[in-house]
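First up is the structure itself, then whatever we jot down about it.
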Amino acid sequence: MRLPITTLALLAALATPLAAQEHDHHDDHVAEADGLRVVHAWTPARGAGDEALIYMDVENRTDAEAMLTGGEAMGQELALVGFTYGASGEVWTVLPGLPVPPGGEVELAPRVLALRLPRLAEPLVEGEELEIEVEFGGTHLHAHAEIGASSATAHSHAGHNH
Amino acid sequence: MPPSAASEPAGSRTAPGPAAPDLLVEALQVRDGGGRVLLAIDRLTLRAGQSLAVQGPSGAGKSTLLHVLSGLIRPATGRVVWGGTDIAALSEPARAAFRRNRLGLIFQDYNLFEELPALGNAALAAAFAPARDRAALRDRAAGWLDRLGLGAAGGRTVASFSGGERQRIAVARALAADPPVILADEPTASLDRAAADALGADLARLARDGGRTLVAVTHDPALAGLLQRRLAIADGRVVEDSDA
Amino acid sequence: MREIWAGLSPDLQDALIALALLAPGLAAGALVLRGLAPFGLVRAMLRRFAWVNLLFVLLIAVSVGLGVGLVAQERGLRQGSARAAEGFDLIVAAPGSEVTVMLAAVYLQPSDMALLTGAQYDEIATAEGVAFAAPIAFGDSVDGAPVVGTTPDFVTHLAGDLAEGSIFATEAEAVAGAFAPVGPGDSFTPAHGHGAAAEGEAHAGFSYTVTGRMAPTGSPWDRAVLVPAESVWSVHGLANGHAPGDDRIGPPYDPVYMPGTPAVLVRATELWGNYALKSRFTRSDMMAFFPGTVLAQLHGLMGEVRAAMSALATLTQVLVTLSVLIGLVILVRLIARSLAVLRALGAPVRFVFAVVWSYSAALILTGAAAGLVLGLGAARALAALITVRTDVLVTARLGWSELHLVAGFVSLTLILALLPAWAAIRRPVLADLRN
């Protein structure tokens, strides 16, 4: 049942003129510091004790390479993890860092890249927000991750331009 | 079929064991589901160690009497007192225990377990006896098979035996727990003459030598002739008693 | 508690779950059998109605086998298709459907695709952090097996050292997949296209000689024949990727003389490099994706199918459990006379109960064990068939989910077997004795 709805939503998003999607206000969906931006951070709802994977778009608007190294949330380290899939199933591997080229962007998305919180001390409730800190070497960037449905596959504003 | 000289195995009736109880049947009425009287006996007594042939036409109530005496049927009214215990008043588990410990049952068509060896059948009670009694039961069953001429064939499955041999396995089974009372329902009816005579002789001797009470329902005048007392039943009533 | 559980190894967790599932049935058995030894008698009774019992065991075995086979097969297929994609780190192609490109590049299911230009390829191949970028040029076939143009690097990357022979060094040489229809020493002329529409004469006058054979990879590439990308271009009358007079095989290609490629397999020098390269080449004129991600998404979608299949398997088990129950009640009638004899001889009710339960338990346990074997056999046969048809190496093995299914089934039926046992001791002794 989820498939046709997702497809419809996708078609609707594609059919909407780009201009209509543009927001000219600053909101919680964007966090910016020193030319580094974290947009549309989100995570699916999870119970206490579960691991949480946090997704976002990272933009580097500086003219130097930025190194995404991890972050912090709920007093715990967030590890940068990359996804692989093989006969042994889905595996997330910790990455030492990911360079974001000047003017470039990196998408942390389900089954590709994520910041991982190993064990939730308290549950992530849909509709609430999770405060996170995204680290680029010495630069720390505070952002709010939207908590979506446990089955969500994208940010609620995915496709909007900020 | 050569008649076997069944004599008492060591450690059996010849040694002082539980005495065969007297039987007292009083004011007995057995009814079927519709309330029809199947058997009515005002009073019947049997001395411990006495052997009794119950005779009569088919449907007269002979088997019903045997079932009442074994506690398989509960009478509508009256008492069935074996050695002071009224089994008509006992619960089902208590009646099962009574059959297990005090009665040896022999059926017309043997009712053996075809896929078990002769010894397995004779020692069937070992399967449900307390663990401490199992070895003794097996030993006694083997002893009886031996005395009934089947000692060497204890390992053969029942399917390979003749009718006479099967009934002797059934006799060994009835005696394995060393009961003071044997109830037999047409024990010779499925046997040829020679086998019937041999078995009858064995039964009579076992009862007499072991001091066991024996009640045998039978159409067989030869078997009846070997027993001490004869009871004739017709239409659910005692019509003749050789002791009376 | 939760922490202790989370600290256990997955195998231990699964084993404990299996035990927990079995526990109620085993506990029921322990209670029923406490102090009793009905086994010799039960064995004899089982032999007495051997054919009926065999039929009964078969019924249980087939149904358990069906459930086990279904679950094992589904997992085998999933793992097999995932294993086939393991060598394909990052694929860059012209914008379009990731699924289409994945099917073509990983599973060699041909389709019409837009090409990346020579300049685009050059940009990818020379980007920082790229260990190698192999063009994957398909479209030709031999005896129904795909002929794929690529680089020597890719051959080594896909299958490691060759099982025999050497890698192609000229445009007229080829390396055969482990199970390709041609082998070292063979010569062949590729047909243009695939299947019935393949044009056998299109490349007349050109032939490859097979110089080596790859080791098996468990993927459709095992049936393919790998040739230099240069020759695929040449055979189609295009420039061969190098300036005229340059006879080299393999990169670097000259962007001016490279006709383009439908897909490029990219391998990064660093662990994280693939992710950076994916971001880098995801743009309006090309797309970059991990086949593993696409496959995992597809498998994720199929998770609902999987759930439906599991539900179906469970439902089948429930139905079978019910039929087993009804069958046991009928079996009890078969053995009713034997039970009546036991009762007449004074066997305690508990013993008769234990006999009936053990009788049922023997059938259930034998059937379930046979079902496991049967299911594994069926799954293996089906896996072999799929491997032959698709060249995706599918191996079906018993996994914990099947064992859990069977453990649950066994436990439930062992408990339900208490019902016919209870019914058996309520039967009229005299009536059964006379029958």
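The values are calculated or read from the model by the stated rules, or taken from the named source; none is laboratory data. What you are looking at is a predicted structure, and each value in this text was computed from that prediction instead of being measured. Neighbour counts run over all protein chains shown; Cβ positions are idealised from the backbone, glycine included. Side chains included, ligands, DNA and RNA excluded: accessible areas come from the protein's heavy atoms. Shrake-Rupley method; radii C 1.70, N 1.55, O 1.52, S 1.80 Å.
Tabulated results
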{"quantity": "Test: residue in region B:81-104 that is touching a Lys or Arg at 6+ places or on another chain (Cβ under 7 Å) and either in a loop (DSSP other than H, G, I, E, B) or at positive phi (or both)", "calculated": "no"}
{"quantity": "Residue within region C:294-314 that is of a type in the set (A, V, I, L, M, F, W, C) and in contact with a strand residue (DSSP E or B) (Cβ under 7 Å, 6 or more places away or on another chain) present", "calculated": "yes"}
{"quantity": "Candidate set: region C:1-55, residues that are among the polar types (S, T, N, Q) and modelled with pLDDT of 90 or more; chosen: the one nearest to the chain's Cα centre (by Cα)", "calculated": "C:Q13"}
{"quantity": "Unmet requirement for C:T100, which otherwise passes all of (1) assigned to a helix (DSSP H, G or I); (2) over 30 Å from C:L312 (Cβ atoms); (3) open to solvent by less than 10 Å² (accessible area, probe 1.4 Å)", "calculated": "(3)"}
{"quantity": "Region A:43-57 residues that are assigned to a strand (DSSP E or B), paired with ones that are polar (S, T, N, Q) (beta carbon under 9 Å, 6 or more apart)", "calculated": "A:P44/A:S150; A:P44/A:S151; A:P44/A:T153; A:R46/A:S150; A:A52/A:T43; A:L53/A:T43; A:I54/A:T43; A:Y55/A:T43"}
{"quantity": "Verdict on C:V294 being in contact (Cβ under 8 Å) with a residue 12 or more places away in the chain, more than 13 Å from every other protein chain (Cβ to nearest Cβ) and in a helix (DSSP H, G or I)", "calculated": "no"}
{"quantity": "Test for B:I41: is it within 14 Å of another protein chain (Cβ to nearest Cβ) and open to solvent by less than 10 Å² (accessible area, probe 1.4 Å)", "calculated": "no"}
{"quantity": "Members of region C:367-394 found to be closer than 26 Å to C:D11 by Cα and surrounded by fewer than 18 Cβ atoms within 10 Å (Cβ to Cβ), listed by number", "calculated": "C:A369, C:A370, C:V373, C:G377"}
{"quantity": "Members of region B:88-115 found to be within 7 Å of chain C (Cβ to nearest Cβ) and open to solvent by 20 Å² or more (accessible area, probe 1.4 Å), listed by number", "calculated": "B:P93, B:A97, B:R100, B:E114, B:E115"}
{"quantity": "Test: residue in region B:156-174 that is open to solvent by 20 Å² or more (accessible area, probe 1.4 Å), away from chain C (no Cβ under 14 Å) and at positive phi", "calculated": "no"}
{"quantity": "Residues within region A:48-71 that are away from chain C (no Cβ under 11 Å) and out of contact with any Phe, Trp or Tyr (no Cβ under 9 Å at 6 or more places or on another chain), tallied", "calculated": "7"}
{"quantity": "Region C:247-288: number of residues that are within 14 Å of chain A (Cβ to nearest Cβ), touching a Phe, Trp or Tyr at 6+ places or on another chain (Cβ under 9 Å) and open to solvent by 40 Å² or more (accessible area, probe 1.4 Å)", "calculated": "2"}
{"quantity": "Any hit, region C:156-163, residues being closer than 30 Å to C:A384 by Cα, buried (at least 18 other Cβ atoms within 10 Å of the Cβ) and among the hydroxyl-bearing types (S, T, Y)", "calculated": "no"}
